[in-house]
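The values are calculated or read from the model by the stated rules, or taken from the named source; none is laboratory data. Predicted, not measured: the structure shown is a model, and the values here were computed from it. Cβ placement follows ideal geometry from the backbone for every residue including glycine, while neighbour counts extend to all protein chains displayed.
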Amino acid sequence: MPVQYVNLIFPLGVLVVFYFILIRPQQKKDKKIREMRGNLKVGDEIITIGGIYGKIIKIKDDIVTIEVGSDKTKLPTTRWAVGTVISQDGGSDN
């Protein structure tokens, strides 16, 4: 009987190590990204995951309209396409 338990310790140890080194940090990162995308507001300057810099001018459900370029082109995109918030100028933060 004890030999069977010893043979299980190594695979379980590997699973625990994988959880704490790979899975848990990724879950924390995903949670921060979901919170960032959930807290978007009009006036925030963002970078999309495609590398487009813009300023949020309208948010409706999962569609975020950003203003890009000097000619102020309006570009609708999905909320999940927002990669980074550069500055948070909208709302009552200032």
- Message: Looking at region 36-48, can you tell me whether even one residue there is part of a strand (DSSP E or B) and without any contact (Cβ under 8 Å) to a residue 40 or more places away in the chain?
- Response: yes
- Return the only residue of I66, I86 being surrounded by 12 or more Cβ atoms within 10 Å (Cβ to Cβ), hydrophobic (A, V, I, L, M, F, W, C), modelled with pLDDT of 95 or more and not in a helix (DSSP H, G or I). I66
- In region 69-83, how many residues are in contact with a Ser or Thr (Cβ under 8 Å, 6 or more places away or on another chain) and outside any strand (DSSP E or B)? 1
- Query: Only one of I9, I59 is without any contact (Cβ under 8 Å) to a residue 12 or more places away in the chain and β-branched (V, I, T); which?
  - Reply: I9
- Message: For region 52-63, give me the residue count where each residue is in contact with a strand residue (DSSP E or B) (Cβ under 8 Å, 6 or more places away or on another chain) and in a loop (DSSP other than H, G, I, E, B).
- Response: 2
